[in-house]
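The values are calculated or read from the model by the stated rules, or taken from the named source; none is laboratory data. On a predicted model such as this, the values are computed, not experimentally measured, just so you know. Virtual Cβ from ideal backbone geometry, glycine too; neighbours counted across all protein chains shown.
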């Protein structure tokens, strides 16, 4: 029996460390974000931008070349590469601390090939965030998952497809059974998001209907990528990213009817500064 833990501002202070004076971009991790086919470039742009604004030291988007110009124009801080180029994919995925796969990836044959290639490269020392259409590809094809620190970020319908549990039956007990089979952390996005780790269940106590707009999940996936790449405790990093995402939205919603994903990520550096660990 697991007791529900409620996330509060404490998770931020526990996770967001004061940056040491002697540090460099390599200190804060490498994130490789894989997605954005020829129809869904915005998703990988938002995910990559969220990782950059989260503070990850080096960020690379592996995407369809059609998105290169938009990524360079919007986010010169990130590198870009073609996700169909096996040599580039191999070198970049291998070098990353964290890989985010799924935002805008799609479910085409090419999408499946990219996912298979990433799964073959990931190692147990890396963190792999499986989001969006990557979740659907795993579910549709019953793919074998790689051995890594796995984090799944489904909404309730994606979780239904992956777990086989209908939305109405997604109880904590049922969800934990599938979490244990997947052997990964599950961020189940809903009105009140729940996070299932190996040993605990956490409830995100913040969030607003103002977040109900396209790109919100892509932004969260990028934030989880950025946090896990730079903060040592992977469970705490996931929890802090989920909480910060909604907490910032709550603050913005005090003055706004709708909160855009890009507004959340642009507020992140100031928010993280306010909530870094007290020394």
Q. What's the number of the condition residue 125 fails, among (1) under 18 Å from the mean Cα position of the chain (by Cα); (2) crowded, with 23+ Cβ neighbours inside 10 Å?
A. (2)
**Q.** Selection from the range 62-91 of residues that are crowded, with 24+ Cβ neighbours inside 10 Å and within 20 Å of residue 223 (Cα to Cα)
**A.** 62, 63
Q.
Looking only at residues that are in a loop (DSSP other than H, G, I, E, B) and in contact with a helix residue (DSSP H, G or I) (Cβ under 9 Å, 6 or more places away or on another chain) in the range 238-260, which one is surrounded by the fewest Cβ atoms within 10 Å (Cβ to Cβ)?
A. 257
Q: For residue 268, state whether it is assigned to a helix (DSSP H, G or I) and touching a helix residue (DSSP H, G or I) at 6+ places or on another chain (Cβ under 6 Å).
A: yes
Q | Test set (1) in contact with a helix residue (DSSP H, G or I) (Cβ under 7 Å, 6 or more places away or on another chain); (2) buried (at least 24 other Cβ atoms within 10 Å of the Cβ); (3) within 21 Å of residue 121 (Cα to Cα) - residue 49 fails condition number | A | (3)
Q | Criterion: modelled with pLDDT under 95 and more than 16 Å from residue 128 (Cα to Cα) - qualifying residue of 190, 240 | A | 190
Q: For the range 200-237, name all the residues that are assigned to a loop (DSSP other than H, G, I, E, B), touching a residue at least 40 places away in the same chain (Cβ under 8 Å) and either more than 19 Å from residue 266 (Cα to Cα) or in contact with a helix residue (DSSP H, G or I) (Cβ under 6 Å, 6 or more places away or on another chain) (or both).
A: 200, 205, 206, 207, 208, 215, 231, 233
